[in-house]
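J.: Please find one structure pasted underneath; my questions will follow.
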């Protein structure tokens, strides 16, 4: 069974961690598929995607 988290925020909006660090934390927690859902901002998507793919996530 896949573990999925479709609601994550980074320091691009109201989170604390950088997008790549959010991906790493999700992976360390056993998440297979995740989505970065920063408020009103998309500038962290490229870094988040690259980190997630590098960690074997979708």
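J.: Between helix 19-28 and the chain, what is the angle of the helix's C-alpha long axis to the longest principal axis, kept within 0 to 90° and rounded to the nearest 10?
T.: 20
J.: OK, next. At a 10 Å Cβ-Cβ cut-off, how would you order 55, 2, 36, fewest neighbours first?
T.: Sorted ascending by nearby Cβ count, the order is 2, 55, 36.
J.: Quickly estimate the mean residue ellipticity at 222 nm for the chain, helices only: each DSSP H run with n ≥ 4 gives -39500 (n - 2.57), and the total goes over all residues, rounded to 500.
T.: Helices in the chain give a 222 nm mean residue ellipticity of -10000 deg cm²/dmol.
J.: Helix 45-54: angle to the longest alpha-carbon principal axis of the chain, degrees 0 to 90, nearest 10?
T.: Computed tilt is about 20 degrees.
J.: Another one. Based on the alpha-carbon gyration tensor of the chain and its eigenvalue square roots a ≥ b ≥ c, which shape applies: rounded if a/c is under 1.5, prolate if not and a/b is larger than b/c, or oblate?
T.: prolate
J.: Separate question: So for the chain, averaging the separation of alpha carbon pairs under 8 Å that are six or more residues apart and normalising by length, what relative contact order in percent results?
T.: Relative contact order, the chain: 41 percent.
J.: For 49, 27, what's the fewest-to-most ordering of other Cβ within 10 Å of each Cβ?
T.: Listed from fewest to most nearby Cβ atoms, that is 49, 27.
J.: What ranking do 4, 12 get, fewest neighbouring Cβ atoms within 10 angstrom at the top?
T.: Fewest-to-most Cβ neighbours within 10 Å comes out as 4, 12.
Read-outs: derived from the displayed coordinates by stated rules, not from any lab. Worth saying up front: this structure is predicted, and the values here are computed from it rather than measured. Neighbour counts run over all protein chains shown; Cβ positions are idealised from the backbone, glycine included.
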